[in-house]
Amino acid sequence: MSTIPEQNPLLELSPQDLRAHAAAALTRARERSVALTDAVDDEDLVRQHSKLMSPLVWDLAHIGSQEELWLVRDVGGREPLRPDIDDLYDAFQHARADRPALPLLGPAEARAYVREVREKAFDVLETAPMEGRRLTESAFAFGMITQHEQQHDETMLATHQLRKGEPVLHAPEPPRAPARKLPAEVLVPGGRFTMGTTAEPWALDNERPAHEVDVPAFVLDTAPVTCGAYVEFLESGGYHDQRFWSEPGWAYRQEHDITAPRFWRREPDGWWRTRFGVRERVPENEPVVHVSYYEAEAYTRWAGKRLPTEAEWEKAARHDPESGRSRRFPWGDEEPTAEHANLGQRHLRAAEAGAYPAGASPLGVHQLIGDVWEWTSTGFHGYPGFAAFPYREYSEVFFGPEYKILRGGSFGTDAAAIRGTFRNWDYPIRRQIFSGFRCARDPRPGEAG
Ligand SMILES: [Fe+2]
């Protein structure tokens, strides 16, 4: 096992450069929030497009409210701007389904509020110390608030997908895959690796601390399961064969009459889907998206495989077999670029399997970062030595087997809110998120060498 420490470009920055980095990250997040909320009219902003989601105008003011709480009041020690609305935008006080009935800020008020908070937050950033207090060490609080806004932007993107009506979002098509097909699987040799992180300045509490985990050899698909492969499962009757489903998965399938991924429809001439208001044929070579954990699990059983554990996923994504070191990303320590991964809503869909060769891991596993969130078979728990920070409600209150971990981010996840250690969690029935999966399996006798 190597003792080479984790690398991180942020640790090299001067306080002035850190402030500039944080300001740029906050600005990029805000441009996205504005684009997502300006894309629809006021009536659409206050409407609830699905019981699963908040009205877009709630997300917008909630972004401002969290920024006010952490950056303006806590880090800056400033007077509250709107203490009267704290409760309205506290996600723990009101379930999503109940939010439309609250006396929320209207679109114009919400926009003015987030602008005012941002001005104050930038003012705080100019003089905030970048060390001495854990909350501001390496601009952590600014990074946390950036990630929070980007996470809500992804949620708002999911709301756009649930919205009925003409397309309002537009983006160029993602790159195509090279003609040469990827090998289907790779063997990841057994052994210890470093999971989680201690050095990553903007990592959240649930990613910490770095710790060693022994992962036996396993075989992993080089790409997420594609729509084409998923159609084979569908067409062979996989949704109606209880053998492939776990008990709760089968109950869920029966109760909600789940017969295909969300937003798919069987037409006389094949499978079609709706994507941000565009009706289109299901693309064969693109990773399947909008499947629940239970559907993913059923597919893997049909294929004679299983979902990877969270540790397997992270080992495939970070472990460099040559140096023994864990990297920040499959390709190395540098921040994601457009060559590495399909992130940041640059495109409004996942890219074909194999479309990002520059983002592959040393063992040749592709698209671990970006495209679709990948379900793992692991429940949500704290790593050994976990300490809640800066508050229990960030992650700790969600720990438990009822949530499943998703990894890697989607085309709707910004680079600021993803890394090899980043952990997302959701209920196994959820599929309005940009969720897909890839298969793993145990090596066959003799295969592991
Ligand atoms: Fe939030």
From the options R243, R266, R279, residue that is within 26 Å of the chain's Cα centre (by Cα) and of a type outside the set (V, I, T):
R279
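Scan region 313-334 for residues that are more than 11 Å from P362 (Cβ to Cβ) and crowded, with 22+ Cβ neighbours inside 10 Å and jot them down. Break it down stepwise before answering.
Of region 313-334, the ones more than 11 Å from P362 (Cβ to Cβ) are 313-315, 324, 326, 328-329, 333-334.
Hits for region 313-334 are W313, E314, K315, S326, R328, F329.
Is there a residue in region 429-448 that is within 21 Å of W202 (Cβ to Cβ) and in the same structural domain as F218 (by TED's automatic domain parsing)? Break it down stepwise before answering.
Start the filter on region 429-448 by keeping residues that are within 21 Å of W202 (Cβ to Cβ), which leaves none.
Checked region 429-448: no residue is within 21 Å of W202 (Cβ to Cβ) and in the same structural domain as F218 (by TED's automatic domain parsing).
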Hits in region 117-132 - residues which are over 13 Å from H21 (Cα atoms), surrounded by 13 or more Cβ atoms within 10 Å (Cβ to Cβ) and not β-branched (V, I, T)
R118, K120, A121, D123, A128
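Among the listed residues P357, P308, which satisfies the condition of being buried (at least 24 other Cβ atoms within 10 Å of the Cβ) and at pLDDT 95 or above?
P308
Considering region 403-423 alone, what residues qualify as being part of a strand (DSSP E or B) and over 16 Å from Q367 (Cβ atoms)? So that I can check it myself, show each step before the final result.
Taking region 403-423 as the starting set, the residues that turn out to be part of a strand (DSSP E or B) are 403-407.
Result: Y403, K404, I405.
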Go through A141, A95, A158, A128 for me and flag whichever is within 16 Å of the ligand (Cβ to nearest atom), touching a helix residue (DSSP H, G or I) at 6+ places or on another chain (Cβ under 8 Å) and among the small types (G, A, S).
A141
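The values are calculated or read from the model by the stated rules, or taken from the named source; none is laboratory data. The structure displayed is predicted, hence computed values, not measured ones. For neighbour counting, all protein chains shown are included, and Cβ atoms are generated from backbone atoms with ideal geometry for every residue, glycine included.
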